[in-house]
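Trainee: One structure, as structure tokens, below. Some questions next.
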Amino acid sequence: SHTAPCFLVGRAQTKLTPIRTAYSALSAGIGTLWLTHEDGHFRKHGLDSNLIYIRGGSTAVQALLAGEIQFGHLSPAPMMTAWAQGADFVWVGTTTHQMVFTLLVDQNTTKGAELKGKKIGITRLGSASELAVRMALEQFGVNPKDGTMLSLGGIPEILAAMRAGAVNGGILSPPTSTAARDLGYRPLLHIPDLGREFTFSGIAAKRSFVQSQPEIVRAYMASLADGAKVYKEDSRAALRILRKYMRADDRTLESGYKEYDKAISSPPYPGLAGLEAVRDSLLESTPQLKNVDLRKFVDDRFVRAK
């Protein structure tokens with residue numbers, strides 16, 4: 001059964017299979033996908049890839065459901081929520097397996113214990129950024145109930161609130177975290193240093209597509225595994241790709257790439273522990289996730305765990 005399908009055999013007579021992938025963010029965390037596409041890894045596995053930038057995860061969810069795209073490089077939270085409500089989704093790979101956040105604070109705060117009673121900016125309640133603050137406070141021995149979290153919408157808005165003095169600190173990700181350092185804010189904790197698994201981003205598809213086209217999914221994930229290895233191990237190749245997609249200065253890109261260093265998954269295996277952590281963070285907003293079997297949300301046949 002494991003003979004390669006005709007589209008993978010011999011370059012001369014092959015017709016590449018067209019596939020479309022949406023991604024919904026511009027950050028060093030998407031580098032695995034960009035490098036796989038740019039450096040011909042999809043092509044090598046018989047796929048003609050098209051990447052589409054769709055702002056916002058929920059729009060990408062709709063495009064996947066409609067079959068306009070075959071794969072989405074997304075945060076698992078909206079996918080998991082939609083799946084729990086009956087959507088036909090499956091998680092086939094994890095590209096970033098930790099939360100890439102740094103807790104930065106103003107100059108008056110010198111250590112974590114001082115966060116008791118202080119205001120900390122997050123994107124919104126029930127988001128990964130709230131969970132990151134809770135983890136940080138626990139690490140510092142502060143009861144999360146004793147910190148005040150303010151929902152500010154987005155990461156750039158958190159830095160704006162810090163600059164306005166509306167909050168004493170905030171949870172930031174690259175490139176905003178780099179900008180905050182430049183402005184003199186103090187990094188108290190880089191969340192990946194806690195070593196906790198949390199699926200930050202990865203690849204989702206429709207289950208019906210995966211069931212009807214397993215060879216395409218296998219070729220897709222094999223391509224991504226090749227790309228992930230290069231992206232994680234070869235910083236020069238990685239920065240060349242980030243330059244093309246992100247239009248930021250080299251120092252910002254290098255800093256962002258470094259922050260993602262520990263968190264990039266190679267190979268992009270869809271580990272269950274990281275998804276369980278996502279589920280825990282969503283229980284308040286989506287109580288029906290409590291009783292679902294997450295193993296049914298994951299299809300790990302296509303990437304071998306290291």
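Trainee: Suppose the filter is open to solvent by less than 10 Å² (accessible area, probe 1.4 Å), at pLDDT below 95 and either in contact with a Gly (Cβ under 6 Å, 6 or more places away or on another chain) or more than 16 Å from residue 286 (Cβ to Cβ) (or both); does residue 103 pass it?
Mentor: Details: open to solvent by less than 10 Å² (accessible area, probe 1.4 Å): yes; at pLDDT below 95: no; either in contact with a Gly (Cβ under 6 Å, 6 or more places away or on another chain) or more than 16 Å from residue 286 (Cβ to Cβ) (or both): yes.
Taking the combined requirement at face value, the residue does not satisfy it.
Trainee: A further question follows. So if I check each of 295, 251, 304, which one is part of a loop (DSSP other than H, G, I, E, B), touching a residue at least 12 places away in the same chain (Cβ under 8 Å) and open to solvent by 30 Å² or more (accessible area, probe 1.4 Å)?
Mentor: Only one candidate passes the filter, namely 304.
Trainee: Pairs, please: C-beta under 7 Å, at least 6 apart or cross-chain, first residue touching a residue at least 60 places away in the same chain (Cβ under 8 Å) and in region 144-168, second open to solvent by less than 60 Å² (accessible area, probe 1.4 Å) and assigned to a loop (DSSP other than H, G, I, E, B)?
Mentor: 168/106; 168/109; 168/118
Trainee: Cβ-Cβ distance below 6 Å, separation of 6 or more or different chains: which pairs start in region 52-78 with a residue that is surrounded by 23 or more Cβ atoms within 10 Å (Cβ to Cβ) and end on one that is of a type in the set (A, V, I, L, M) and in a loop (DSSP other than H, G, I, E, B)?
Mentor: 60/54
Trainee: Among the numbered criteria (1) closer than 30 Å to residue 242 by Cα; (2) touching a helix residue (DSSP H, G or I) at 6+ places or on another chain (Cβ under 7 Å); (3) outside any helix (DSSP H, G or I), which one does residue 156 miss?
Mentor: It fails just one condition, (3).
Trainee: Here's a follow-up. Quick check on region 190-219: of everything there that is of a type in the set (Ser, Thr, Tyr) and open to solvent by 40 Å² or more (accessible area, probe 1.4 Å), which residue is farthest from residue 45 (Cα to Cα)?
Mentor: Per the stated criteria, the residue is 208.
Trainee: Any chance region 193-203 includes a residue that's on the phi < 0 side of the Ramachandran plot and part of a helix (DSSP H, G or I)?
Mentor: Checking region 193-203: at least one residue is on the phi < 0 side of the Ramachandran plot and part of a helix (DSSP H, G or I).
Trainee: I've got another one for you. Just to check your reading of the model, which residue among 269, 257, 245 is part of a helix (DSSP H, G or I) and open to solvent by 40 Å² or more (accessible area, probe 1.4 Å)?
Mentor: 245
Trainee: Identify the single condition in (1) among the aliphatic types (A, V, I, L, M); (2) modelled with pLDDT of 90 or more; (3) more than 24 Å from the chain's Cα centre (by Cα) that residue 4 does not satisfy, given that it satisfies every other one.
Mentor: The failed condition is (2).
The values are calculated or read from the model by the stated rules, or taken from the named source; none is laboratory data. As the structure is a computational prediction, the values presented were derived from the model and not from experiment. Quick reminder, even Gly has a Cβ in these numbers, built from the backbone with ideal geometry, and neighbours come from all protein chains shown. Note: areas computed on protein heavy atoms with side chains; ligands, DNA, RNA excluded. Shrake-Rupley method; radii C 1.70, N 1.55, O 1.52, S 1.80 Å.
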